[in-house]
Structure formats: structure tokens, C-alpha cells
Amino acid sequence: MTKGLYIGTIIVVLVFIIFFVIFIIKNKRKKRLINELDKLEKEKNLLINVPVLNELSKVEALVKNNSKLEERYNTWKLKFEIIENETIPYINDMLIEVDFLIDKSKSKEIYEKIAEVEIKLYEIRTKIKGIISEIKEITLSEERNRSTVIKLKALYRKLKKRFMDTKADYEETVKTIELQFETIEKRFEEFEQVMEKKDYEEVIYVVKGLTEMLDHMTIIIDEIPEIMLMGKNLIPKRTEDVSSEYIKLTREGYQLDYLNVEYNIVETEKKVNAIFDRVRVLNLEDVSFELKTILEYYDSLFNDFETEKLTKKYYDEGLISFDKKRSHVIKVLTAIETKLPEMKKRYNLTDETLDNISLLKKEFSEIEKDYDKLKNLEKNHSFPFSKLNAELEIIMLKLTKMHERLNGFLQKVSNLKDDEERAKGQLEDIKVLLKQSKYQIRKNRLPIIPDVYYTELSEASDAIKEIQKELSKKPLDIDTLNVRVDTARDLVFKLHNTTAEMVKAALLSEYAIVYGNRYRSSKMVINDGLVKAEKLFFKGEYKKSLELSITTLDVVEPGIHKKILNYKK
């Protein structure tokens, strides 16, 4: 019973808490909606209190004798009356309805109505803002336009003073500029008349016209002196200088047709005249740019003239250099042509070498033709020096390459002679070396000469004969000769080394045996070793004899080999 009562109490308390929370939430939401409604009410009241009527009263004072302004005034007044008498009451009704819905707690309908009210308020605010803006355009027109015109008058006086102080700089445009100043003065008078009539719509166009005219006059006053300086002084002087320089260079032989100087001078004069037709009516659009372009063109012509002068200098120097190299090539080719029959007899020249000579002659002939054409073009003044110099550089490059190949051929011919002389010199050296080898054999009177010596001697002698045989041939095959010389040199050196080693081994072996005689009687092993060494010596096996002698003596006298090897030294 007690437990049931406890649970019942808890349920009652929970229900109470839930209802209490719901009540608080509803109450807070209602307060928030009421605050939102109050905010919308304030916004509506502010729109009603905007100073539209005050602004309309200002316009009403200006309406007299101005039908256009009166018509606009009535339009503004009607728009505001519609807002005041129709739209605002409609919003009041909507706000009352929202208040009613808040009491009924119909959330969805409340938010829809609030959104609708906000949209209507925004529309009214925009319309009222537009009306006030249009009204102020009229009510503030006089003050604003007066301020603008005061600044424009100050600019006008400044421009006119500048013009009057430097009137001579404007030359034939003076009268037109004076008329333009008179027109501007009339526009200032027109402004006063319109302001007196309080025709504020027309005032806007008058002020705008004055602004544009003075902006244009600023450009005129700023630019015409410079335009006159360029068109009347700089360009004519530059034209005269260019024409004078062109005639001078043409008489000196320069070909300048590619620059179209005469035609372009005529065209630029026409262009300047056309420009000044526009300047006289004060149309300065792109005038300064066009005149500067003409001056730049004349500057570029002077640069072209200087380039031609400089190029002619390079061309003349190039001709001198070409003639020197050409003369040298002619001498070399003539010398080759003169000596070629003798060279063919003396040396076995390959078909490739002979073909290269023919090709060099043909190539030089083509270079000569190109050079003759170039000289004719120069003589006939057919091309500018820049073009002639470019062609000369191409021909010079061909001649240089041909000259390099010609030098290569001469080097090859020179190498043939050098190889022949070197072969003859080496032949004599080889013969001397061979004689020295024979002399060593005779001088040392060896008991036995090994067969290897005679074999190498025979090979070396035959190789020398092959050199002599090759040198006696006509024409001479240098490649074969070089092979013969290399072979003979190797064989003779081989014989020389064999002879030297053999003689050295024989002398040292003989010395070792003689030196060892002192130990023969004391030690049998020494005697036996030396006997064998003697036998080898008389068989001509000198190296083996030496090795056996040293080995035998080393038993009684360690290190004897050093003493024996130093014997010859």
C-alpha cells in the first residue's frame, strides 16, 4: 500500500513538472513573438514618420511656373498618399492579426504573417527611399550645382589665363579656341538663367555640358602647344633632315629603295595635313600619339641610315679580307695544279685524294661566281649594303671552309714528304744499328755464334732491303713504306738486343769461370760445376753457362753473383 502510494506521488509530480515546463516554453515563445511584433510596429511607425512631407513642402515652394516640376511633385505626393492611406493601414491590420494569432498560439500562421509583414515593410521602405532621393535631387540641386559651377568657373579662368599668356603657341587654332571660350561663357550665362527659372532638370544638363566642355578645353590647352611644336617644327625639320641624308647616301651609292623613304615622306606629310585639319576644329583624339609615331618613324629611318653606313664599313673590310684569302687560295691551287703531275709520279696518290682536289677546284669556281655576282649587285646598286654584307658573309664562310680543307690537303702532301724523309733517315739509323751489332760480334770473338743470331740478322737485312726496294719505287706508296720502316726498325732493335745480351752473357760467363779457377783444387763440386759451365760456353749457350757458374761459386762465396754482374760495370 505504501509502495503504491509512493509511485503515484512520483507520477503526479512528474506530470506537474512536465506541464510546468510546457507552460514556461509557451510563455517564452509568446514573449519572443510579442517582442517581434513590437519591433515590426516600431519599424512601421518610423516609416510613417520619415520626412517625406517636409521634403515635399520644399518642392512645393519651387513648383510655381514650372509645369514639369509640378507634374513630378504630384507624382511623388500621390505615391506617398498611397503608402500612407492604403499600405500602412493594411500593415496595421496584419499586425492586429498577428497579435490575435499569438493569443491563439497558432505558430505556423504566426510566422507566415510575420514574414509577409516584413516583406511589405521592406517594399514601403524602398519606395519611400526612392521618393526622398528623387526629391533631394531637386531640393539640393541649387546648392550642389552652384558649388560645381564655382569650381568650373575657377578652372575656366585658369585655362583662359594660360591661353592668353601663351597665345602664340596655339597658332592657327587661336580663333577657334577663343570661340570655344565664348561658347563656355554663354553656357555659364545659360546656367544662371535656368537657375533663375528654377528648372532643376535642365540645370543638370547644363552643368554636365559645362563639365564636358571644360574637360575638353583642358586637353586643348595642355596638348595643342606640343602638337604645334611637333607638327610645325619637329616633323618638318626631321623630314628635311631625312630627305637630305637620303639624297646624300643615294649619291654615295647606297641602295635605300627598300626603305620607301620618298613615298613615306609624302604620305607622312599628307597625314600631318589631315591631322591639322582635325586640330583646327579642336578634335585632338589620338593626335599626339599619331604625331609621336611619325617622329619615331623618322628616328627609325636615321637608325636605318646609320646601320647602312656601319654595314658598308663592315662590307668594305670584308671585301679586303675576302680578297686576301682568295688570293692565297688561288696561289695554293695554282701551286697544287703545277706540282700535281710531279706528285703523281713521286707518290701513289689515292683516287679519293685526287677527287678531293677536283672538288676543291670546282667549289672555288662556284665561290668565284658568287663573288662576281655580288660585285655586280654592288656595282648596279641593286641591294642595300646590309643585304650585300649578309651575302658576303655567306661567301666568306664558304671560302673559309674550303680554305681549311685545302690546308688539310697541303698538310697531307707535306706529311707524304715528311714520311719519305723520315723513312730515309730511319733507314740510315737502322743500318748503323745493324753495323754496331755485327761489330760487337767481331770485336768480342765469341767461340760460337748461335743460330738465332744469324736468323735475326737475316730477317733484319731482308727488312732493310725491303725499305730500299720501296724507296726505289715510283710512285712511292707511303703507307707501305711506313710499314716497311716500322718492321725493319723492330727487327734491327731485336737483333741489337739479342747481340747485346749474348755478348754480355758470354763475357760474364767467361769471367765467372776464370774467377772460379781459384776454387777448383779445393772443392771437387766447384771443379765439376765449372767444367760443365765451360762445355756450355763452348757450345754457345752463354746464358746457361753464366747461370751455372754463379750457382756453383755461390757455394763457396755467397753473393758472388753481385760481384760477377758488376764486373762489366
Please give me the summed charge of the neighbours of I448: other residues whose Cβ is under 9 Å from its Cβ, Lys and Arg +1, Asp and Glu -1. 0
What's the ranking of 120-126, 331-337 by average number of surrounding C-beta atoms within 10 Å, highest first? 120-126, 331-337
Do any trypsin sites (Lys or Arg not before Pro) in segment 498-536 lie in a loop, going by DSSP, with at most 15 other beta-carbon atoms within 10 Å of their beta carbon, and if so which? R520, K523
Sorted list, accessible surface of protein heavy atoms, 1.4 Å probe, largest first, for L548, L397, L457 is L397, L548, L457
Could you put L433, L291 in order of accessible surface area, largest first, with the 1.4 Å probe and the full protein assembly present? L433, L291
Give the accessible area for M396 in Å² (nearest 10); use a 1.4 Å probe, count only protein heavy atoms, and leave out ligands, DNA and RNA. 40
Can you work out the base-10 log of I(q)/I(0) for segment 513-569 at q = 0.13, 0.24 1/Å, using the Debye formula on its C-alpha atoms alone? -0.28, -0.93
Distance check, please: which entries in K417/K438; K435/K465; K465/K494; K331/K369; K438/K535; K331/K375 exceed 20 angstrom between their Cα atoms? K417/K438; K438/K535; K331/K375
Largest first, how would T487, T268 line up by accessible area (1.4 Å probe)? T487, T268
How large a share of the accessible area of segment 415-569, in percent, is made up of carbon and sulfur atoms when the probe is 1.4 Å and the other protein chains stay in place? 53
Among V485, V432, A390, which residue has its Cα furthest toward the positive end of the charge dipole of segment 361-488, with +1 on Lys/Arg Cβ and -1 on Asp/Glu Cβ? V432
Quick one: accessible surface of S472, probe radius 1.4 Å, all protein chains present, in square angstrom to the nearest 10. 80
Would you list the P(r) distribution for segment 367-487, with all Cα-Cα distances sorted into 10 Å bins from 0 and each bin expressed as a whole %? 11, 24, 16, 13, 11, 10, 8, 5, 3, 0
Heavy-atom accessible area of H496 with all protein chains present, probe 1.4 Å, nearest 10 Å²? 60
Report, in debye and to the nearest 20, how large the dipole of segment 457-520 comes out about its Cα centre when Lys and Arg carry +1 and Asp and Glu carry -1 on their Cβ. 340
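The values are calculated or read from the model by the stated rules, or taken from the named source; none is laboratory data. Worth saying up front: this structure is predicted, and the values here are computed from it rather than measured. Reconstructed Cβ throughout: ideal geometry from the backbone, glycine too, with neighbour counts over all protein chains shown. Note: accessible area is taken over every heavy atom of the protein model, side chains too, but ligands, DNA and RNA are not part of it. Shrake-Rupley method; radii C 1.70, N 1.55, O 1.52, S 1.80 Å.
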